[in-house]
1. So which residues in the range 15-25 are in contact (Cβ under 8 Å) with a residue 40 or more places away in the chain and surrounded by fewer than 19 Cβ atoms within 10 Å (Cβ to Cβ), if there are any at all?
2. Against the condition in the same structural domain as residue 19 (by TED's automatic domain parsing) and closer than 22 Å to residue 294 by Cβ, how does residue 114 come out, does it pass?
3. Please work out if residue 63 is closer than 30 Å to residue 241 by Cβ, exposed (fewer than 14 other Cβ atoms within 10 Å of the Cβ) and at pLDDT below 95.
4. Consider residue 169 against the criteria (1) modelled with pLDDT under 75; (2) over 24 Å from residue 290 (Cα atoms); (3) surrounded by fewer than 17 Cβ atoms within 10 Å (Cβ to Cβ): it satisfies all of them except one. Which criterion is unmet?
5. Among the residues in the range 75-88, are any assigned to a strand (DSSP E or B), closer than 19 Å to residue 139 by Cβ and either modelled with pLDDT under 95 or touching a helix residue (DSSP H, G or I) at 6+ places or on another chain (Cβ under 8 Å) (or both)?
6. Return the residues of the range 229-247 that are within 18 Å of the chain's Cα centre (by Cα) and free of Cβ contacts under 8 Å to residues at least 12 places away in the same chain; say none if nothing qualifies.
7. Within the range 186-301, which strands (runs of 3 or more DSSP E) (wholly inside it) include 2 or more residues that are at pLDDT 75 or above and closer than 30 Å to residue 23 by Cβ?
């Protein structure tokens with residue numbers, strides 16, 4: 001096994017135009033619960049390109065560094081640490097296990113797996129990835145590597161969001177904006193499992209441009225949004241945010257749903273890892289909020 005690998009990286013905080021194809025040291029097993037796998041496909045999420053641009057770094061730090069007691073249990077401490085460069089990108093991936101730590105029980109060498117890597121193991125857009133067993137599950141047998149790689153973050157977001165609802169979903173109406181997006185499509189699938197009825201606002205391939213307003217326009221809209229949210233509370237409307245808690249149990253649930261035909265990932269576009277210009281273009285589309293239908297996937301091996 002080679003001691004180095006190819007990976008898409010950011011040399012500094014940058015938009016996708018600054019990404020590079022770099023040669024990095026291949027991850028090695030360092031803990032008894034580590035799983036090392038050869039990545040065959042990885043997906044592009046908005047959080048990937050936003051964090052590579054440094055956009056979310058300050059938001060997380062400003063919210064929690066001065067108020068550690070406010071830190072959600074599912075928010076990794078690594079999110080609060082200054083990132084090093086070259087910055088390895090990507091969380092969602094699927095591949096074949098090449099090596100495992102001595103205490104790994106549920107995964108063996110040669111298994112086809114998928115994962116939403118934790119922050120400490122970030123770097124899915126690479127030829128190899130490593131993370132603890134807790135973040136890896138067997139890939140659904142009926143899904144390709146591309147389809148499997150598209151589903152971890154979006155699928156777990158769907159599961160964990162719906163699990164917050166304290167009542168039964170059966171017979172309820174679930175409103176899903178952007179229902180044909182990567183996350184939206186999986187939320188639609190998961191929300192219908194208990195025989196709920198979903199109201200879906202679909203995305204379309206041709207989307208209008210989203211011009212950036214000047215600061216005073218954004219300030220006005222922020223104030224107006226706060227006012228509308230306050231008024232909505234009178235009718236029992238509540239707004240919540242979610243810090244994703246990646247874990248093998250939810251991945252196994254997604255795999256089970258997929259193998260039963262209850263959940264179908266939607267892949268809209270694929271590019272190859274070594275075609276850097278294509279990767280930049282695909283990431284630029286996601287970065288600018290024009291991802292179209294489904295997830296964009298990077299073929300690695």
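1. First, the residues of the range 15-25 that are in contact (Cβ under 8 Å) with a residue 40 or more places away in the chain: 15-17, 19-22, 24.
Across the range 15-25, the qualifying residues are 15, 17, 20, 21, 22, 24.
2. Criteria met by residue 114.
3. On the way: closer than 30 Å to residue 241 by Cβ: yes; exposed (fewer than 14 other Cβ atoms within 10 Å of the Cβ): no; at pLDDT below 95: yes.
No.
4. (3)
5. If we filter the range 75-88 for residues that are assigned to a strand (DSSP E or B), which is where we start, we get 87-88.
Then keep just the ones that are closer than 19 Å to residue 139 by Cβ; that gives none.
Taking every residue of the range 75-88 in turn, none turns out to be assigned to a strand (DSSP E or B), closer than 19 Å to residue 139 by Cβ and either modelled with pLDDT under 95 or touching a helix residue (DSSP H, G or I) at 6+ places or on another chain (Cβ under 8 Å) (or both).
6. Restricting attention to the range 229-247, the residues satisfying the condition of being within 18 Å of the chain's Cα centre (by Cα) are 241-247.
241 - this is the single residue of the range 229-247 that is within 18 Å of the chain's Cα centre (by Cα) and free of Cβ contacts under 8 Å to residues at least 12 places away in the same chain.
7. Details: elements: 197-201, 267-272, 295-299.
Once the strands (runs of 3 or more DSSP E) in the range 186-301 are filtered for at least 2 residues that are at pLDDT 75 or above and closer than 30 Å to residue 23 by Cβ, what remains is 267-272, 295-299.
Residue by residue, here is whether (1) outside any loop (DSSP other than H, G, I, E, B); (2) touching a strand residue (DSSP E or B) at 6+ places or on another chain (Cβ under 6 Å); (3) at pLDDT below 90 holds:
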{"position": "31", "(1), (2), (3)": "no, no, no"}
{"position": "35", "(1), (2), (3)": "yes, yes, no"}
{"position": "47", "(1), (2), (3)": "yes, no, no"}
{"position": "57", "(1), (2), (3)": "yes, no, yes"}
{"position": "69", "(1), (2), (3)": "yes, no, yes"}
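The values are calculated or read from the model by the stated rules, or taken from the named source; none is laboratory data. These figures come from a predicted structure and were not determined experimentally. With ideal geometry, Cβ positions are generated from the backbone for all residues, glycine too; neighbour counts draw on all protein chains shown.
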